[in-house]
Every structure is written in C-alpha cells, then in structure tokens.
Amino acid sequence: MGQGMDICLAVDASDASPRGRLEARFVRCLVCQAGIVLTGRKPAAVFGFRMPPDEAALPTSMYRLHVKALIGTYALHLRRFGVRVSLLGWREGRVMLLVWRPCRIRRLLSDAGAHAFLAKNRLPSREGALMGELRRRLRAYYDDRAPFPHEIGFVLGYPIEDVDGFMSDGGQGARACGRWKVYGDVDEALRRFKELEREELRIKRLYSEGTPLRGLLRMATA
C-alpha cells in the first residue's frame with residue numbers, strides 16, 4: 001500500500017488486485033473530497049469513503065481491517081506533507097474521515113473572535129487539543145451517542161458568524177445558502193463559494209490529467 005501517492009486517474013487500474021482497486025478508489029475519494037485541504041486552500045474536511053462494489057462480498061470485519069490498514073498507511077504518508085487524517089467511525093457503508101492541516105488550523109485560531117467562539121462552545125484554544133476534542137465529538141455522533149457537532153464548521157473554514165447563526169436557529173434565518181448557510185457577508189460568501197468550486201475543479205482536472213497525489217500535496221508549499 002502507498003502506491004497511490006504516485007498514481008493518478010490517468011493510470012488504468014482495471015487489472016489491479018482487489019486491494020489495489022480499493023486503494024485507487026480511496027485515493028480518488030481523498031482527492032475529490034479533500035483536495036482543497038491537500039493543496040492548502042482549506043483547513044479541514046469531513047467526508048465518507050464508501051465500500052467498493054467488488055468488496056461487498058467480504059465479511060464486514062475483514063473489510064474494515066483492510067480499510068483501517070489503508071487509512072493508517074496514508075495517514076503516515078500525508079503526515080510528511082503536513083496533513084493529518086483520522087478515522088471517525090462508520091455510517092451506512094461508509095468510513096467517515098477527518099482530514100486537516102494543523103498549520104491552517106493554527107491560522108484560524110489567530111483570527112479575531114476565535115477564542116470567544118471556542119470558549120462559548122467549550123472548545124480548547126490550542127490546535128492539538130482543539131482537534132482532539134472535535135474528533136471526540138464527531139466519533140460520539142457517528143457512534144449515535146450525541147448530536148452532530150455543528151461547531152466543526154469553524155475548522156472547516158466557515159466564517160464564525162455563519163457557524164454561530166446556524167447553531168442558533170438551524171439555518172432558518174440564513175441570508176444565502178451554498179457550501180454553508182450564510183448569516184454575515186453574503187457577497188464575500190458567494191465569492192468564496194465560487195473560489196472553492198474553481199479550485200476543486202482544477203485539482204480534479206490535474207489529477208485526471210496526470211498529477212499524482214504526491215504532486216498535489218507539493219502544491220501547498222510551492
């Protein structure tokens with residue numbers, strides 16, 4: 001495992017082993033769902049990786065072992081590029097993941113209003129402790145032990161006033177809707193939606209045309 005660091009969609013994986021196809025599918029999901037985190041344009045992402053059809057016949061326990069080993073391998077590779085990956089739990093045939101860049105989280109913590117927001121939501125103000133607590137809350141949700149922690153929006157890069165507004169009324173008073181519910185500056189939010197969409201499309205195009213995962217990660221420090 002780990003070959004997906006240097007393989008892109010331009011490479012035909014149809015004749016690969018089942019584990020090879022699983023790995024190729026995982027890397028593609030990682031690029032499509034968290035590409036803008038990998039390239040340093042977004043602090044964090046939460047997403048699910050669904051079981052491939054050809055793995056469906058495997059016992060659940062065996063499949064989960066394969067996926068955990070795969071995630072562990074890529075967590076080690078991505079750490080060298082300043083990216084962290086954490087398994088949160090399982091939901092409807094998907095493994096749920098949190099991917100983040102600690103340096104981007106630390107930058108968020110320096111923003112005006114960040115500490116007040118964190119204190120209000122009983123969250124620590126140091127990057128390591130903050131991400132540890134958010135992982136704990138997300139795991140409790142995916143284990144059906146707690147409601148979804150909407151405060152995660154802070155590390156996903158949503159404006160604090162928008163996260164606060166949604167947590168207050170569940171989106172009923174939003175002024176606009178896109179990647180998140182907007183309560184503050186609508187024009188700035190719409191600009192940001194378009195910027196993120198363009199960046200996602202660019203990353204997917206680069207990956208499909210021959211830039212491997214390792215190359216996308218290097219873009220963050222280029």
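The values are calculated or read from the model by the stated rules, or taken from the named source; none is laboratory data. Note that the coordinates shown come from a computational prediction; the quantities given were computed from them, not determined experimentally. Every residue, glycine as well, gets a Cβ built from its backbone with ideal geometry; the counts of neighbours run over all protein chains shown. The area values use the complete protein model at the heavy-atom level, side chains included, leaving out ligands, DNA and RNA. Shrake-Rupley method; radii C 1.70, N 1.55, O 1.52, S 1.80 Å.
Data table
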{"read-out": "Positive-end residue of Leu65, Val155, Phe49, charge dipole of the chain with Cβ unit charges", "value": "Leu65"}
{"read-out": "Proximal charge balance of Pro159 [Cβ under 13 Å; K/R count +1, D/E count -1]", "value": "-2"}
{"read-out": "Relative contact order of the range 102-149, defined on C-alpha pairs under 8 angstrom at six or more residues apart (%)", "value": "25"}
{"read-out": "Cβ-Cβ FRET estimate between Arg19 and Arg91, R0 fixed at 30 Å, reported to 0.05", "value": "0.85"}
{"read-out": "Lys/Arg +1, Asp/Glu -1 at C-beta; the range 100-222 dipole; positive extreme among Cys103, Tyr141, Met167", "value": "Cys103"}
{"read-out": "Principal-axis tilt of helix 127-142 within the chain, Cα atoms, nearest 10 degrees", "value": "70"}
{"read-out": "Of all accessible heavy-atom area on the chain, the percent that carbon and sulfur account for (1.4 Å)", "value": "50"}
{"read-out": "Fully extended contour minus Cα-Cα distance, from Ala176 to Ser110, at 0.36 nm per residue", "value": "21.1 nm"}
{"read-out": "Rg and Dmax of the chain, Cα atoms only, in Å", "value": "18.0, 54"}
{"read-out": "Whole-number accessible area per residue in Å² for the chain, which is evaluated in the context of all protein chains at 1.4 Å", "value": "51"}
{"read-out": "The range 31-142 - convex hull of the alpha-carbon atoms, volume per residue in Å³", "value": "107"}
{"read-out": "Theoretical gain in end-to-end length, Arg214 to Ser168 [0.36 nm per residue, Cα-Cα removed]", "value": "12.5 nm"}
{"read-out": "Normalised alpha carbon radius of gyration of the range 96-222 [divisor 2.2 N^0.38 Å]", "value": "1.17"}
{"read-out": "Gly89 long-range amide H proximity, modeled H, under 5 Å", "value": "Met96"}
{"read-out": "The range 181-222 - charge dipole about Cα centre, Lys and Arg +1 at Cβ, Asp and Glu -1, debye rounded to 20", "value": "240"}
{"read-out": "Evaluated over the range 159-207, the Cα radius of gyration and Dmax, each in Å", "value": "12.8, 40"}
